[in-house]
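To start, the structure under review is shown below, and the notes come after it.
The values are calculated or read from the model by the stated rules, or taken from the named source; none is laboratory data. A quick note: this is a predicted structure, and the numbers were derived from the prediction, not measured. For neighbour counting, all protein chains shown are included, and Cβ atoms are generated from backbone atoms with ideal geometry for every residue, glycine included. Note: accessible area is taken over every heavy atom of the protein model, side chains too, but ligands, DNA and RNA are not part of it. Shrake-Rupley method; radii C 1.70, N 1.55, O 1.52, S 1.80 Å.
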Amino acid sequence: MSEKTVLVKAKQQGRSQLTELEAKEWLREAGIPVVETKLARTKGQAMALSQQLGFPAALKISSPDVVHKSDAGGVKLNLKSQRQVGEAYHQIMTSVHQKHPDARIEGVTVQPMARPGVEVIIGMSKDPQFGPVLMFGLGGVWVELLKDVSFRIVPIVSRDAREMIRELKGFPLLEGYRGSEPAHLPTLESLLLQVSRFVAENPEIKELDVNPIIAYRDGAVAVDARIILEG
Amino acid sequence: MVDLDRVFNPRTVAVVGDKKGQGFFWLKSLKTFQGKVYSVQIDPKEIPEIEALGFPNYTSLLEIPDEIDFVICSAPRGAATKVVQDCIRKRVGGVTLFTSGFAETNTEEGRKAQEQLTQMARAAGLKLIGPNCMGIYNPRNGLRFNVDQFYGEPGRVGFISQSGTHLGHTSTVGPMQGVKLAKGVSFGNGIVLDSVDYLEYFAQDTGIDVIGMYVEGPKDGRRFFQVLREVTPRKPVVLWKGGETADGTRAALSHTGNLVQSLPVWQAMVRQCGAIPVKNLDEMLDTLKGLVHLKPVFGPRVGIIALSGGQSVVVSDAYARAGLKVPPLSPASYTELSAFVNIIGGSYQNPFDVNWATPLPNLRHILEVLDRDENVDNIAMEIGGPYLSRRWDAHPEFINELFALLVDFRQHSAKPFLVMLTPAHYEGIAMAAREKFNEVGLPHYANFDRAAQALRRILDYYRFRREVAG
């Protein structure tokens with residue numbers, strides 16, 4: 001799916017929020033490592049895909065009309081077998097049909113669960129005075145409760161990427177703590193630069209949220225992504 | 001870039017609407033101006049006194065039989081439109097609108113009036129400074145807006161201020177602190193020319209090495225970010241943000257009608273651009289002073305000369321709190337020091353604890369040891385009021401000899417060297433000392449924390465500059 005197709009399709013359908021699949025595809029094309037995610041339109045497809053992509057698997061409802069997937073009962077994680085995937089598919093469909101009877105359902109996305117690492121978030125939003133602003137933070141309570149985030153205005157350079165990461169109060173976590181593996185900082189720096197370039201080249205993006213990105217000793221991978229377009 | 005040469009270096013100035021009710025302060029301030037000053041005042045009650053002050057008066061700008069480079073409009077809002085129209089017809093180089101009552105009043109009327117003025121000036125390409133501001137300050141040609149501002153040989157600092165008071169203070173308190181301005185501008189609401197225009201102009205001004213700014217909110221944030229980022233690798237910009245808190249922002253809105261919507265984004269922008277944030281006049285002057293008078297700062301380690309054991313302790317804390325280091329000296333230094341220093345009654349661990357009776361040749365030797373020591377990047381010396389006053393009493397020539405020594409040392413040393421002039425109960429002596437330091441361009445600080453914080457800010461800037469220069 002090319003970027004043009006993604007944008008055209010969204011506009012045609014009169015929506016400004018891309019689906020998880022569309023967002024991930026676009027980011028992957030931009031060179032950002034994204035966990036392999038495929039769309040299953042039937043229970044059978046879901047089971048086959050999970051076998052192909054690997055266990056444990058995660059299933060998520062794919063619908064342009066369901067924004068809060070977890071709330072709709074549309075997310076099932078840690079599925080360890082095809083049988084569990086099949087059951088999960090059924091549960092998701094039942095729950096979503098109940099909560100969003102009019103939603104256009106494409107199917108479910110299937111992806112392998114990323115192994116544990118350090119969770120980070122990269123986001124972009126547009127400041128009315130300064131334009132696109134990049135945000136970096138550690139996942140979970142660090143961003144949500146403690147508001148431990150760093151900002152830089154797009155476009156950023158290497159120095160900005162380095163400093164954004166080290167500015168965080170929670171930075172020591174990225175260096176490894178209590179046995180958990182450290183994050184590969186050059187990878188994170190490079191990711192920040194890539195996202196900066198991506199949003200600079202695509203001014204139609206109003207807001208972007210790559211959350212979570214799981215960082216490891218030897219790399220990082222984006223597990224989920226959300227893109228909202230202008231207009 | 002907007003060319004402001006004619007505005008800063010006018011041959012002729014016209015003041016419109018000055019009056020006795022405000023003490024004719026515009027005309028009086030311009031007594032030092034090297035070019036020609038005309039007054040424009042239509043009120044017959046005001047004219048005799050204006051002429052008695054020595055200024056020719058006309059009842060309209062258009063009647064002045066001369067080209068007018070720069071106009072200062074002190075007329076009320078109702079008359080401002082006509083004055084601006086006359087400025088356009090007269091083809092002046094620029095006009096400062098001291099006049100207020102615009103968007104900062106937060107009224108529909110005020111906003112409309114501001115919008116009208118903006119359109120008019122923009123359409124005519126008129127360089128409008130303000131409104132609601134004090135305008136241009138150029139000590140070299142005596143262009144002033146307050147009788148206390150110094151005039152004569154300019155310094156090397158350009159100051160751009162959203163507030164007339166902050167420029168006023170920087171230009172009057174500054175020289176007492178060793179900071180002289182080359183040029184200054186108070187730009188108020190910034191409706192046609194905003195802070196970024198003056199920043200671009202000062203950035204290319206060969207008479208300006210360091211830029212200080214007081215800003216409440218840029219109209220075009222994106223452009224401000226781009227220009228600031230481009231300037232800082234060449235010239236340091238010390239940035240004082242007015243409205244850093246919710247309450248401060250409310251005040252800024254009724255001051256000039258400008259603000260910043262997201263303070264975390266503003267603060268990130270400052271860091272990203274390598275600008276130096278300060279939060280009050282003391283920090284501004286301390287930082288400007290160091291940027292102008294210190295040799296480039298390459299490292300965080302400080303060799304300190306303090307005047308007692310107690311001061312040694314607290315000065316170390318002050319520098320450590322600022323994130324700097326007060327390391328032990330090298331073994332070679334200690335060997336050299338032990339040869340001529342008696343450790344009873346003093347210590348030479350760094351800080352070097354001398355006492356008020358130390359003979360000057362020993363002081364010179366200690367400074368030279370610090371200069372040669374590989375563990376020391378910067379040298380800071382405490383000079384206390386009691387030290388000065390006691391030596392001065394005992395030995396009247398002392399102060400001149402001490403200064404000769406310090407000036408000579410500073411000339412030969414490549415390391416940044418500053419003085420901390422600690423509390424003196426004889427304020428007269430401290431003032432006299434400050435004047436001498438200013439004469440020879442030795443940066444002096446009022447206390448240990450201020451010295452340490454200024455040094456840290458300046459170190460961070462030089463590190464940034466080295467990093468971006470590659």
Take B:Thr165 and decide whether it is without any contact (Cβ under 8 Å) to a residue 24 or more places away in the chain, surrounded by fewer than 23 Cβ atoms within 10 Å (Cβ to Cβ) and not in a helix (DSSP H, G or I).
-> no
Residues located in region B:252-278, provided they are modelled with pLDDT under 95, more than 9 Å from chain A (Cβ to nearest Cβ) and either part of a loop (DSSP other than H, G, I, E, B) or more than 22 Å from the chain's Cα centre (by Cα) (or both) = B:Leu253, B:Ser254, B:Thr256, B:Gly257, B:Asn258, B:Leu259, B:Leu263
Pick from region B:120-155, criterion open to solvent by less than 10 Å² (accessible area, probe 1.4 Å) and part of a helix (DSSP H, G or I), ranking: nearest to B:Asn258 (Cα to Cα) | B:Ala121
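Looking for whichever is open to solvent by less than 10 Å² (accessible area, probe 1.4 Å), within 13 Å of another protein chain (Cβ to nearest Cβ) and not in a helix (DSSP H, G or I) here; the options are B:Gly212, B:Gly217. Which one fits? Write out each step before concluding.
Working: B:Gly212 fails: within 13 Å of another protein chain (Cβ to nearest Cβ).
The unique qualifying residue is B:Gly217.
On the basis of being in contact (Cβ under 8 Å) with a residue 60 or more places away in the chain, surrounded by fewer than 14 Cβ atoms within 10 Å (Cβ to Cβ) and under 30 Å from B:Arg229 (Cα atoms), does B:Ala414 make the cut? Before the answer, list the steps.
Working: in contact (Cβ under 8 Å) with a residue 60 or more places away in the chain: yes; surrounded by fewer than 14 Cβ atoms within 10 Å (Cβ to Cβ): yes; under 30 Å from B:Arg229 (Cα atoms): yes.
In short, yes.
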Hey, can you tell me all the residues within region B:69-99 that are touching a residue at least 40 places away in the same chain (Cβ under 8 Å) and of a type outside the set (A, V, I, L, M, F, W, C)?
-> B:Asp69, B:Ser74, B:Pro76, B:Gly93, B:Gly94, B:Thr96
Do you know which of the residues in region B:279-310 that are more than 30 Å from A:Phe136 (Cβ to Cβ), of a type in the set (D, E, K, R) and open to solvent by 10 Å² or more (accessible area, probe 1.4 Å) is nearest to the other protein chains (Cβ to nearest Cβ)?
-> B:Arg301
Could you tell me which of the residues A:Lys147, A:Lys99 is away from chain B (no Cβ under 14 Å) and not aliphatic (A, V, I, L, M)?
-> A:Lys99
One residue from B:Asp371, B:Asp408 being open to solvent by 40 Å² or more (accessible area, probe 1.4 Å), in contact with a His (Cβ under 8 Å, 6 or more places away or on another chain) and not aromatic (Phe, Trp, Tyr) | B:Asp371
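If you take the residues of region A:159-177 that are outside any helix (DSSP H, G or I) and under 10 Å from A:Phe136 (Cβ atoms), which of them is nearest to the other protein chains (Cβ to nearest Cβ)?
First pass over region A:159-177, keeping only residues outside any helix (DSSP H, G or I): A:167-170, A:175-177.
Of the ones still in play, those that are also under 10 Å from A:Phe136 (Cβ atoms) are A:167-168.
On the way: A:Glu167: 8, A:Leu168: 13 Å.
Among residues in region A:159-177 that are outside any helix (DSSP H, G or I) and under 10 Å from A:Phe136 (Cβ atoms), the one nearest to the other protein chains (Cβ to nearest Cβ) is A:Glu167.
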Residues (more than 11 Å from A:Phe55 (Cβ to Cβ) and open to solvent by less than 90 Å² (accessible area, probe 1.4 Å)) located in region A:71-86 = A:Ala72, A:Gly73, A:Gly74, A:Val75, A:Lys76, A:Gly86
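Could we say that B:Val376 is open to solvent by less than 60 Å² (accessible area, probe 1.4 Å), under 26 Å from B:Arg457 (Cα atoms) and part of a helix (DSSP H, G or I) here?
Working: open to solvent by less than 60 Å² (accessible area, probe 1.4 Å): yes; under 26 Å from B:Arg457 (Cα atoms): yes; part of a helix (DSSP H, G or I): no.
It is false that B:Val376 is open to solvent by less than 60 Å² (accessible area, probe 1.4 Å), under 26 Å from B:Arg457 (Cα atoms) and part of a helix (DSSP H, G or I).
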Members of region A:114-131 that are of a type outside the set (Asp, Glu), more than 14 Å from A:Ala225 (Cβ to Cβ) and within 14 Å of another protein chain (Cβ to nearest Cβ) = A:Ser125, A:Lys126, A:Pro128, A:Gln129, A:Phe130, A:Gly131
Hey, among the residues in region A:178-189 that are open to solvent by 40 Å² or more (accessible area, probe 1.4 Å) and at pLDDT 95 or above, which one's nearest to the other protein chains (Cβ to nearest Cβ)?
-> A:Pro186
